[in-house]
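First up is the structure itself, then whatever we jot down about it.
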Amino acid sequence: MNNKAKIDCANHEPRNDEAVPSVAVDSVSAEKRQGLFEERPLPLDEIAPRVLRYRSRRDFLLFGAGAIAALAGGGFLLPQDTLRRIGVRRTVNSPAKDWFLNRALRIDDDVAEALYSGNRRVPTYTKSQITPLKNNYNGATPDPGYISGWNLTIDGLDSGLSISLDIRNLMTRFSVHEQITRLVCVEGWSVIAWWAGLRFDDLLRAYPPMSQAKWARVESSVNLDESGNPDPYFMSIDLATARHPQTLLATHFNGQPLTVDHGAPLRLLVPVKLGLKNVKAITKITYSADEPRDYWAERGYSRYDGI
């Protein structure tokens, strides 16, 4: 008798007045048609214990070999200081390592730049959400003596001229805009701060760069290293980011003129970038067609530094 779904007459009891047929009635099988998207039962796969142990041992060995290979490859990419801390004394720095890391970082920058939208805005906050901002100068904080003779030089203009502006020129010519945004540091901390200043885009409109310009080099000649020696700070920023409506040339912090700690008298504020792009005490802006040098990119950091 077929074990599939069937019509089984064995339990049909005939009435007394009903004649039992003399011919045996065969069971009639009715196969259920399976739909195209209907779930099918998984096939059973029986494995002998000896085979299972062999496969488990083989997979474990393969996993271990893969883990060792990954560790060795990862060790090749780790900084020398990190390797030294974990007990590896051999120096593994090489041109191939630098090329690989720089290439990977550049690809990451290219992807971030491709996804960037000029319409994107970072969140803004209320004054009740402001948090303290520490002095995080790169190197030593400059002596405030430079402020009395400070001026901003702009090169690479469409006019072919080089201009120089003092803080009074900037404050009287341009409208002041306020915003409360988050400053994100590459070191892993962030704060919410209240800034005011002129929009970089307003400066670009007032003093247009040369037609082929795509970049701006923003620098501070008053920057010092940790020993207090001159260490000019310079950073590259694409003009699309410079024109972002939240990119400011800040003159005020928490309702007061900038102090030396926070980049007096003029600093760059780019909320869509990490803090290392936010140059303090700007002294010069130069527009160029080619991407200029960048202080931290030359030290192994990203050039893009977006958030």
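Things worth noting here:
- Flag: Ser190 matches the condition of being of a type in the set (S, T, N, Q), modelled with pLDDT of 95 or more, under 23 Å from Asp305 (Cα atoms) and open to solvent by 30 Å² or more (accessible area, probe 1.4 Å).
- Output for the range 239-253, where each listed residue is more than 17 Å from Thr283 (Cα to Cα), open to solvent by less than 10 Å² (accessible area, probe 1.4 Å) and in contact with a Gly (Cβ under 8 Å, 6 or more places away or on another chain): His244
- Filter result for the condition that a residue is in contact with a Gly (Cβ under 8 Å, 6 or more places away or on another chain), touching a residue at least 60 places away in the same chain (Cβ under 8 Å) and closer than 21 Å to Val191 by Cβ, over Val260, Val272: Val272
- Number of positions in the range 269-307 that are among the hydrophobic types (A, V, I, L, M, F, W, C) and part of a helix (DSSP H, G or I): 2
- Applying the criterion of being of a type in the set (Ser, Thr, Tyr) and in a strand (DSSP E or B) to the residues of the range 158-208, the residue that is farthest from the chain's Cα centre (by Cα) is Ser164.
- Scanning the range 128-153 for residues that are of a type in the set (A, V, I, L, M, F, W, C) and within 30 Å of the chain's Cα centre (by Cα) yields a total of 3.
- Scope the range 211-238; condition open to solvent by less than 20 Å² (accessible area, probe 1.4 Å) and in contact with a helix residue (DSSP H, G or I) (Cβ under 7 Å, 6 or more places away or on another chain); matching residues: Ala213, Ala216, Met235, Ile237
- Residue in the range 143-157 that is β-branched (Val, Ile, Thr), part of a strand (DSSP E or B) and open to solvent by less than 20 Å² (accessible area, probe 1.4 Å) present: yes
- Residues within the range 209-234 that are among the small types (Gly, Ala, Ser) and either in a helix (DSSP H, G or I) or under 18 Å from Thr141 (Cβ atoms) (or both), tallied: 4
The values are calculated or read from the model by the stated rules, or taken from the named source; none is laboratory data. Just so it is clear, the structure is predicted and the values come from calculations on it, not from any experiment. We place every Cβ from the backbone using ideal geometry, glycine too, and count neighbours over all the protein chains shown. Surface areas here come from the heavy atoms of the whole protein model, side chains and all, with no ligands, DNA or RNA. Shrake-Rupley method; radii C 1.70, N 1.55, O 1.52, S 1.80 Å.
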